[in-house]
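Undergrad: Structure incoming, see below.
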2 protein chains.
Amino acid sequence: MALIVQKFGGSSLSDAESIKRVAKRIVETRRTGNEVIVVVSAMGDTTDELLDLAAEVTPIPAPRELDMLLTAGERISMALLAMAIKGMGEEALSFTGSQAGMITTAEHGSAKIVDVTPRRVREALDQGAIAIVAGFQGFNRGTGDITTLGRGGSDTTAVALAAALDAEVCEIYTDVDGVYTTDPRVVHLARKIDSVTSEEMLELAASGAKVLHLRAVEYARRHGVVLHVRSSFSNEQGTIVYDPKKGHPKGAQVEEPIITGIAFERNEAKVTVGGVPDVPGKAAQIFEIVAKTNANIDMIVQNVSEDNRTDISLTVQTKDGRKVIEALEAARETIGCTRLQYADQIAKLAVVGAGMRDASGVSAQLFRALFDAGINIEMISTSEIRISVVTRADVMEKAVQVLHTAFGLDADEEATVYAGTGR
Amino acid sequence: MALIVQKFGGSSLSDAESIKRVAKRIVETRRTGNEVIVVVSAMGDTTDELLDLAAEVTPIPAPRELDMLLTAGERISMALLAMAIKGMGEEALSFTGSQAGMITTAEHGSAKIVDVTPRRVREALDQGAIAIVAGFQGFNRGTGDITTLGRGGSDTTAVALAAALDAEVCEIYTDVDGVYTTDPRVVHLARKIDSVTSEEMLELAASGAKVLHLRAVEYARRHGVVLHVRSSFSNEQGTIVYDPKKGHPKGAQVEEPIITGIAFERNEAKVTVGGVPDVPGKAAQIFEIVAKTNANIDMIVQNVSEDNRTDISLTVQTKDGRKVIEALEAARETIGCTRLQYADQIAKLAVVGAGMRDASGVSAQLFRALFDAGINIEMISTSEIRISVVTRADVMEKAVQVLHTAFGLDADEEATVYAGTGR
């Protein structure tokens, strides 16, 4: 008997009808002889409605109370789903984050999981019940308070439970039918990827692929959890995310493609700190200043120095760009740099593939393709299995299309199953 | 520094505006130097909306899951209220039933409070915060599950916390401005009662007065909690419910009126089991049969026997009448009675007053007043401080009006403050 974790997001649970549809699917999984844990988000727009109510009541809601408020959302969806399943004749028990043993840090709105003690979930399974667990929420032991995990929280709850209870697979149900070589809205010949390694998925998610949250992918990779990203609207196989060291879960002999996919991020801003004295500790000083703005740094490039001075460039999300440049301006004399530059009409793309390790000439091929298309590269950064380039925002889509073709990723025909917005 | 418990129902918390209004009132109470615990129901129609959703999902929702679902309601109102209060500059912390230590039996939907361990509530007060507690909900230690207290649950939560933390008063905010001598929609000259003893309130609530739930009144009486029933729309004093043995909380020397008020219940049905053999154990046998139908018996009257046979009459709520008579029909031979009679167009009224104990002639005065008005009495039942009579349903209102005048309860002018529906 296999243990399967299934995670359903709010768009799969928008009303009573869709809850019944999801319940039916869960019951089918159970009746084929599996133990099933289901992790749910709040129904449809519930979270936004609760946030609106909070905003009507006070301009800056207290974080503890906001967590108390928002966690009502999953409570509603999980109870309804459990009663729908019971109505279909299978046992089901719903559990809040704290009942399911999701122990977190105390930071309201962005708590981290520190321990998972799913004793009650295990007992429910042992009694033959389907366990329905509230995603996104947890509990801090020190304060005794309810917490929420922030963005990507429900995916992370699902992966954490799969890891703690050694599930065979963690199925992430979504409104698209898997992970694509790139966004089909940009490249019409994008293909669904059957399998991807966890480190490739990590690079894709970190570079802007929206279908899985980076945090959940990281958690899955660290704990060896196999993910299956699939559509809640069909029974098609989606995309398997697995650890190649452990082998493919279906025993498939997958030859790693050189390039697996292309991710991109539209809203980037580039900050260049130019003419920085090339003395030890300068980079640390600059990044401490940036860190204080709470901006999330995306890419960092430093060139070799000339005349004992160097240029350091970094990219951040556009929304954070202004405060980063202001913080650096204020510290200009301390840093001792000769110039500060700012550009917010840029975008980033990343070509990812585990096969890149053993293949030579990938970067040459990439730069040639972009050059042939007349696309200028503003910054370059690489990892073992990824090449990221920054371009002007208005040519990024063209760059993705060109590279998708150049690396042989184009499908024979247009994707038709792609239904949603990629969350 | 006095400790005050304030309970606000759903009609006082219908939207963001009313939550802010209630928050303002709570902040004022706090700023006059009191410690404040607030108990809330779910906002406006939330509970009904959640019940509708459950009904859409499955015809008979699992009780455990229904409790999980419904408790989301208070979670929303308490979090919003806490953030509204914090937005006004006072500290506030919200607590679920289980966080507030409301330990109950395991019966979902109608759990009983077995212990109150409000450690976290006490700590919040000690830190200078206002504690906001979810009404209606609790926690069972054996199962670890969330429970709800059923009808009147939030009032009971408020009273239980007031008892456990020895509050000076438990204020029940409602949409009427207190307890009236009778329903002002039936008697326009009904008067607001300034003070009423807990045992009188118990009799009134048990006889159909809707403003306070019987269960909360019982709990308050048993634990000596002073109640103050008042309007959430005005600052007027409402009605104080107190234990005369402890004296009036404001030190008022209240002379107990002979008659305090008149309650009534419209939807009653009368069942008569006639010609029952007058042998020991017959009444027990009959009431065991009725008990199995889960009908709530309201009034029981047995006359002296003639020829070793007697008549036993009882009243139940109309909705339960049919199943009671059917159960008795089925057991007719076992009982050995000569006839069964059923009437569902009846109503009941109760005249209540602690002063009745020391006054003579009250029942004579009552029967005379009804006789003069041409109203026939179908059944009579009395306690030390109450006389209940059953009449035909269509003359009950007239009976209440006649008695209100006969016992000198009429006000000089019509009540104008009466706003709501008496819940």
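Undergrad: How about region A:106-162: which strands (runs of 3 or more DSSP E) wholly inside it have at least 2 residues that are within 14 Å of chain B (Cβ to nearest Cβ)?
TA: So the answer is A:130-134, A:137-139, A:146-148.
Undergrad: Looking at region B:118-138, which of its residues are more than 20 Å from the chain's Cα centre (by Cα) and in contact (Cβ under 8 Å) with a residue 40 or more places away in the chain?
TA: Once the filter is applied, which keeps residues that are more than 20 Å from the chain's Cα centre (by Cα) and in contact (Cβ under 8 Å) with a residue 40 or more places away in the chain, region B:118-138 yields B:PRO118, B:VAL121, B:ARG122, B:LEU125, B:ILE130, B:ALA131, B:ILE132, B:VAL133.
Undergrad: Could you check A:PRO59 against (1) over 22 Å from B:VAL57 (Cα atoms); (2) of a type outside the set (Val, Ile, Thr); (3) in contact (Cβ under 8 Å) with a residue 12 or more places away in the chain and say which number it fails?
TA: Looking at each condition in turn, A:PRO59 falls short on (3).
Undergrad: Under 9 Å by Cβ, and 6 or more places apart or on different chains, what pairs join a residue from region B:225-247 that is assigned by TED's automatic domain parsing to the domain that holds B:SER195 and more than 13 Å from B:GLU171 (Cα to Cα) with one that is polar (S, T, N, Q) and surrounded by 14 or more Cβ atoms within 10 Å (Cβ to Cβ)?
TA: Matching pairs, first to second residue: B:PHE233/B:SER12; B:ASP243/B:THR197; B:ASP243/B:SER198; B:PRO244/B:THR197; B:PRO244/B:SER198.
Undergrad: Would you confirm whether any residue within region B:302-314 is in a helix (DSSP H, G or I) and at pLDDT 90 or above?
TA: no
Undergrad: Can you tell me which residue is surrounded by the fewest Cβ atoms within 10 Å (Cβ to Cβ) among those in region A:51-63 that are within 7 Å of chain B (Cβ to nearest Cβ) and part of a helix (DSSP H, G or I)?
TA: A:GLU56
Undergrad: Further question on the same structure: Testing B:ILE103 on (1) outside any loop (DSSP other than H, G, I, E, B); (2) within 9 Å of another protein chain (Cβ to nearest Cβ), one condition comes back false. Which one is that?
TA: (2)
Undergrad: Under 9 Å by Cβ, and 6 or more places apart or on different chains, what pairs join a residue from region A:20-33 that is more than 14 Å from every other protein chain (Cβ to nearest Cβ) and in contact (Cβ under 8 Å) with a residue 24 or more places away in the chain with one that is among the hydrophobic types (A, V, I, L, M, F, W, C) and part of a helix (DSSP H, G or I)?
TA: Once the first residue is more than 14 Å from every other protein chain (Cβ to nearest Cβ) and in contact (Cβ under 8 Å) with a residue 24 or more places away in the chain and sits in region A:20-33, its partners that are among the hydrophobic types (A, V, I, L, M, F, W, C) and part of a helix (DSSP H, G or I) give A:ARG30/A:ILE85.
Undergrad: Which numbered condition in (1) on the phi > 0 side of the Ramachandran plot; (2) touching a residue at least 12 places away in the same chain (Cβ under 8 Å); (3) not β-branched (Val, Ile, Thr) is the only one that A:LYS319 fails?
TA: (1)
Undergrad: Also, quick follow-up: Among A:MET68, A:MET43, A:MET78, A:MET1, which is the only one that is crowded, with 18+ Cβ neighbours inside 10 Å and more than 8 Å from chain B (Cβ to nearest Cβ)?
TA: A:MET43
Undergrad: Given the options B:ALA216, B:ALA263, name the one that is under 29 Å from B:VAL40 (Cβ atoms), aliphatic (A, V, I, L, M) and touching an Asp or Glu at 6+ places or on another chain (Cβ under 6 Å).
TA: Only one candidate qualifies: B:ALA216.
Undergrad: Looking only at region B:87-97, how many residues end up being more than 15 Å from B:ALA16 (Cβ to Cβ) and either at the interface with chain A (Cβ under 9 Å from one of its Cβ atoms) or among the hydrophobic types (A, V, I, L, M, F, W, C) (or both)?
TA: Of the residues in that region, 5 qualify.
Undergrad: Here is a follow-up. So which residues in region B:381-392 are surrounded by fewer than 19 Cβ atoms within 10 Å (Cβ to Cβ) and at pLDDT 90 or above, if there are any at all?
TA: B:ARG392
Undergrad: While we're on this one: State whether one or more residues within region B:167-180 are at pLDDT 95 or above, over 20 Å from the mean Cα position of the chain (by Cα) and crowded, with 21+ Cβ neighbours inside 10 Å.
TA: For region B:167-180, residues at pLDDT 95 or above, over 20 Å from the mean Cα position of the chain (by Cα) and crowded, with 21+ Cβ neighbours inside 10 Å: present.
Undergrad: Okay, next question. Given the structure, is B:GLU35 in contact with a strand residue (DSSP E or B) (Cβ under 8 Å, 6 or more places away or on another chain) and buried (at least 24 other Cβ atoms within 10 Å of the Cβ)?
TA: Criteria not met by B:GLU35.
Undergrad: Does region A:330-338 contain at least one residue that is surrounded by 17 or more Cβ atoms within 10 Å (Cβ to Cβ), more than 17 Å from A:SER207 (Cβ to Cβ), touching a Pro at 6+ places or on another chain (Cβ under 9 Å) and in contact (Cβ under 8 Å) with a residue 60 or more places away in the chain?
TA: Yes, region A:330-338 has at least one match.
Undergrad: Could you go through region A:356-363 and let me know if any residue there is touching a strand residue (DSSP E or B) at 6+ places or on another chain (Cβ under 6 Å), outside the structural domain of A:LEU204 (by TED's automatic domain parsing) and either of a type outside the set (Lys, Arg) or surrounded by 18 or more Cβ atoms within 10 Å (Cβ to Cβ) (or both).
TA: yes
Undergrad: Is it true that some residue in region A:4-18 is facing chain B (nearest Cβ under 7 Å) and either assigned to a loop (DSSP other than H, G, I, E, B) or of a type outside the set (Phe, Trp, Tyr) (or both)?
TA: yes
The values are calculated or read from the model by the stated rules, or taken from the named source; none is laboratory data. Remember, predicted model here, so these are calculated numbers, not experimental data. Virtual Cβ from ideal backbone geometry, glycine too; neighbours counted across all protein chains shown.
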